[in-house]
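Following: one structure in structure tokens, then a few remarks.
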Amino acid sequence: MADISASFAGLSLRKCIYNASGARSMTPEELAALGNSEAGAILTKSCTLLPREGNPEPRYQDLEWGSLNSMGLPNLGYEKYIELSPELKKYGKPVFASVSGLSLEDNMKIIEAMNASEFDAVELNLSCPNIPGKPQVGYDFEDTEKYLEEISAICRKPLGLKLPPYFDFAHFEQMAGIIKKFRVRFLSCINAIGNALVIDSEKEIVIIKPKGGFGGLGGRYIKPAALANVRKFHELLPDIPIIGVGGIFTGRDVFEFVLAGATAVQLGTVLMQEGTSCFGRVARELEEIMDKKGYPSLERFRGKLKVIE
Ligand code: HRO
């Protein structure tokens, strides 16, 4: 049987497949279910300084090809996740905290506290698209650099970044140039495509309430954008492990992300739709493809996507 383990940021995952932040990862019960599942790691919902209810409902809709959400960062507050961290470690897999403070100051306070927690690493979310009046930090290169200067100076856990999708080579290059200046241990690419609009033409109405119906698009719609972001950052930053996320539903999808350069992958929309059984199913599908192709491990084909000469 093919080996689908992965290691990055000094951590070893028995399986390279785990949850995307936000998908069934907010409550102690949801996090325990991830612990008991075949997920290779546990990643929390992005946390803020204070607990948040999030945006008014309806704020999440499943669609034929994915999902649209404007959750607005509902979470239990960073202190609760830190309190839960020793219990989460008992599942014997790496435990990641997603941090999405509403300001640099908030992030500094949270990261400072995370240093003394049982979390193995931090995924700093620079790309929440759903807070009214708060632009995504990852689209402001000056702000991103300032955040990384301050946060990387105090963060004693391995620090990774959750990036928004980029769509222009100039932006990939600018972001990669900034990331190179700091000790960033992994990149999770991509967050939802922000501020998408889905319309119910029958009822002539939007499908979610916050922000006039604008929300983060996930699932199959965004897989080509996610693959492009994984590929481009892998080319520009070959020494930084890239975690692929966006539209992964099957083992074949994981295979494609690894070919593009991903070290591991996260499941979001499929986890919302199918529940935690998706981890075992996708893992077995991936193993089957690798066995058929004769690849004993992910290293054998990682990044080896061919181009047409
Ligand atoms: O909570 C959300 O609305 C949310 C966050 Cl923080 C994020 O990073 N990405 C997303 O699609 N939704």
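No lab work stands behind these numbers, since they all come straight from the coordinates. For clarity, every value in this text was computed on a predicted model and none was experimentally measured. Glycine also receives a Cβ, built like all others from the backbone with ideal geometry; neighbour counts cover every protein chain displayed.
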> What distance in nm separates the simple spin-label points at GLU142 and ASP106, each placed 7 Å from Cα in the Cβ direction?
Replying inline: 2.2 nm
> Can you list the equivalent-ellipsoid semi-axes of the chain, largest first and in whole Å, using the square root of 5 times each Cα gyration tensor eigenvalue?
Replying inline: 26, 23, 21
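Counting Lys and Arg as +1 and Asp and Glu as -1, each charge on the Cβ, what is the dipole of the chain about the Cα centre in debye, to the nearest 20?
It works out to roughly 580 debye.
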> Spin-label point model (7 Å from Cα, Cβ direction): what's the ASP239 to LYS90 distance in nm?
Replying inline: 4.0 nm
>> Give me ILE242, ILE207, ILE193 sorted ascending by neighbouring Cβ count inside 10 Å, so fewest comes first.
In response: ILE207, ILE193, ILE242
> When the dipole is taken about the Cα centre of segment 199-309, and only Lys, Arg (+1) and Asp, Glu (-1) are charged at their Cβ, what size is it in debye, to the nearest 20?
Replying inline: 100 debye
> Exposure proxy check: TYR78, TYR295 ranked by fewest other beta carbons within 10 Å?
Replying inline: TYR295, TYR78
> Given the Cα-Cα distance of ALA170 and GLU150 and 0.36 nm per residue of separation, how much length would full extension add, in nm?
Replying inline: 4.7 nm
> Roughly how many nanometres apart are two label points built 7 Å out from the Cα toward the Cβ at LYS209 and SER5?
Replying inline: 4.8 nm
>> Applying a 10 Å radius around every beta-carbon, put 139-152, 270-283 in order of their mean neighbour count, most first.
In response: 270-283, 139-152
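Counting Lys and Arg as +1 and Asp and Glu as -1, what is the net charge of the other residues whose Cβ lies under 9 Å from the Cβ of GLY40?
The answer is +2.
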>> Sort CYS47, CYS155 by Cβ crowding within 10 Å, fewest neighbours at the top.
In response: CYS155, CYS47
> Is segment 172-244 rounded, prolate or oblate when judged by the Cα gyration tensor, a ≥ b ≥ c being the square roots of its eigenvalues, rounded requiring a/c under 1.5 and prolate requiring a/b larger than b/c?
Replying inline: prolate
> Of the residues GLY77, GLY246, GLY294, which exhibits the maximal mean-square fluctuation in a Gaussian network model of the chain defined by a 10 Å Cα contact cut-off?
Replying inline: GLY294
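Do the alpha carbons of any pairs in LYS162/LYS304; LYS157/LYS180; LYS15/LYS109 sit beyond 26 Å of each other, and which pairs?
Numbers: LYS162/LYS304 24 Å; LYS157/LYS180 18 Å; LYS15/LYS109 32 Å.
Exceeds cut-off: LYS15/LYS109.
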> When the chain is modelled as a GNM with alpha-carbon springs shorter than 10 Å, which of VAL184, VAL122, VAL254 fluctuates the most?
Replying inline: VAL184
> In terms of the Cα gyration tensor, with a ≥ b ≥ c the square roots of its eigenvalues, is segment 1-116 rounded because a/c is under 1.5, prolate because a/b exceeds b/c, or oblate?
Replying inline: oblate
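Over segment 187-235, what is the relative contact order in percent, taking alpha-carbon pairs closer than 8 angstrom and at least six residues apart?
In percent, rounded to a whole number, it is 40.
Can you tell me the length gained on complete extension of the stretch ILE289 to GLN273, counting 0.36 nm per residue apart and subtracting the Cα distance?
Length gained, ILE289 through GLN273: 3.4 nm.
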> How much length is gained on full extension from GLU29 to SER297, taking 0.36 nm per residue of separation minus their Cα-Cα distance?
Replying inline: 93.2 nm
